[in-house]
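**Student:** The structure under discussion is supplied below as structure tokens; questions concerning it will follow.
The values are calculated or read from the model by the stated rules, or taken from the named source; none is laboratory data. Bear in mind the structure is a predicted one, so any value in this text is a computation, not a measurement. Glycine also receives a Cβ, built like all others from the backbone with ideal geometry; neighbour counts cover every protein chain displayed. Only protein heavy atoms, including side chains, enter the accessible area calculation; ligands, DNA and RNA are left aside. Shrake-Rupley method; radii C 1.70, N 1.55, O 1.52, S 1.80 Å.
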Amino acid sequence: MFGRNGTCYIVMPRHVAGPFPRVTVSTAAPVESATATVISPFWPGIDLALGVARGGIGNRCQSELEALAETRETSSAHQADLLRLNQTGEISREQLQVADRTYLTFTGTLADPEAAIGQGTSGAFAFVDGQPAGMAVSSDDTQRATFIRSGEIFIHIRRYLDEQGGAFAAPSDASVTEPVDDADTDALPLRVLESSVRPVNPMFAPENMTGPGQFVFAQQALMQVAVGFDAITPTSRLVIRSNPGPGQTSPKTVLLTWSLEGEGAGFRSWLRGEMAADGVFDTGKVAQRNLRRLQVIVLDTWGSGDVVIDEITAY
């Protein structure tokens, strides 16, 4: 797992998630668990998916995507260590002999003839001197497994997050229920005050951001909306959600400013961040501040097309 602009991402084989739109992920000891939304944007021939994790593991997401980039050592090593995690959060380490390296994969064979590649190894990484070298995706023998090279994982995930992150659409299966955020019951009475952009259609008005429906608007140089409260209100978290359809996109870089004034004078900077690839921008719980008015400025988007904001919620 790696962090990027405030979001925790999980790398996994596509078949590990299977048809399910969400998976449960857990860390090494001390064990912390969270739910991850699964994104499978890659072509069928590559067993690769990405998860966006939310919940208690954010502070454990210390690595960076660039750690997956291949080095001379990882691309030419003949030995590696296979790290696997059990249910109690304990890590086991087995030595691998690396062979049959191709453009996309390599084969890792266990050096210990008494050890075995067991069920559940898919998704485990092989490391060379602490550097990721590949991710296990399949096995045709108890002694060996096929690994996607980490450099290939890096190339495809970086390209997706840089260019196409906003194209992700949430699962439409009606049988899938959205996990309820415990904080939803504590949502503050936020209302839309004004917008610098007009909706593409009155049905998609800015007011939809604090009620049912979507706010949909065309891209332009200045894209900002102001929301606020009837009185100065202590606020410690803001969540923005976007679920674009075909030909639409999500905000990408978002700047938040705030003011104590009802008319919006004296704005001060709060924070700047990036909406995650699953269409959620979440400040997390930050130091509480008293504010009357909050300005959301969309600096750029994930792609072309009209911009969609489903919901803005303050806590």
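**Student:** Filter the range 285-306 for residues that are surrounded by fewer than 13 Cβ atoms within 10 Å (Cβ to Cβ) and of a type in the set (G, A, S); which is modelled with the highest pLDDT?
**Tutor:** So the residue we want is S304.
**Student:** Which strands (runs of 3 or more DSSP E) sit wholly inside the range 20-73 and have at least 2 residues that are surrounded by fewer than 18 Cβ atoms within 10 Å (Cβ to Cβ)?
**Tutor:** Working: elements: 22-26, 33-39, 49-55.
Strands (runs of 3 or more DSSP E) meeting the threshold: 22-26, 33-39.
**Student:** Further question on the same structure: Report every pair of residues separated by at least 6 positions or lying on different chains whose Cβ atoms are under 6 Å apart, first residue within the range 14-37 and at pLDDT 85 or above, second acidic (D, E) and open to solvent by less than 70 Å² (accessible area, probe 1.4 Å).
**Tutor:** R14/D47; H15/D47; T37/D278
**Student:** Hey, another quick one. Can you confirm whether L291 is farther than 14 Å from I309 by Cα, in contact with a Leu (Cβ under 7 Å, 6 or more places away or on another chain), outside the structural domain of I39 (by the TED database) and not basic (K, R)?
**Tutor:** Values: farther than 14 Å from I309 by Cα: yes; in contact with a Leu (Cβ under 7 Å, 6 or more places away or on another chain): yes; outside the structural domain of I39 (by the TED database): yes; not basic (K, R): yes.
So L291 fits the description; yes.
**Student:** Pull up the range 4-17, narrow it to residues that are open to solvent by less than 40 Å² (accessible area, probe 1.4 Å) and out of contact with any Ser or Thr (no Cβ under 7 Å at 6 or more places or on another chain), then point me to the one that is farthest from A145 (Cα to Cα).
**Tutor:** Just the residues of the range 4-17 that are open to solvent by less than 40 Å² (accessible area, probe 1.4 Å), to begin with: 7-13, 17.
From the residues that got through so far, the ones that are out of contact with any Ser or Thr (no Cβ under 7 Å at 6 or more places or on another chain) too are 7-12, 17.
Numbers: T7: 31, C8: 27, Y9: 24, I10: 21, V11: 18, M12: 15, A17: 19 Å.
Step by step, filter the range 4-17, then rank; the result is T7.
**Student:** Note down all Cβ pairs under 6 Å where the first residue falls in the range 96-120 and is assigned by the TED database to the domain that holds E152 and over 16 Å from G151 (Cα atoms), the second is among the basic types (K, R) and assigned to a strand (DSSP E or B), and they're at least six residues apart or on different chains.
**Tutor:** T109/R144
**Student:** Criterion first (surrounded by 14 or more Cβ atoms within 10 Å (Cβ to Cβ) and either closer than 21 Å to E207 by Cα or without any contact (Cβ under 8 Å) to a residue 12 or more places away in the chain (or both)) does D278 satisfy it?
**Tutor:** no
**Student:** Quick one: what pairs do we get from the range 249-262, first residue within 28 Å of S304 (Cα to Cα), second acidic (D, E) and outside any loop (DSSP other than H, G, I, E, B), C-beta under 8 Å, 6+ apart or different chains?
**Tutor:** Sorted first by the residue in the range 249-262, then by its partner, the pairs are T249/D306; K252/E274; T253/E274; V254/E274.
**Student:** Hey, could you check the range 38-78 for residues that are over 24 Å from N243 (Cβ atoms) and polar (S, T, N, Q) and say which is modelled with the lowest pLDDT?
**Tutor:** Here the residue is N59.
**Student:** Within the range 74-106, can you find the residues that are within 26 Å of the chain's Cα centre (by Cα) and assigned to a strand (DSSP E or B)?
**Tutor:** Selection gives L82, L83, R84, L85, I91, T105.
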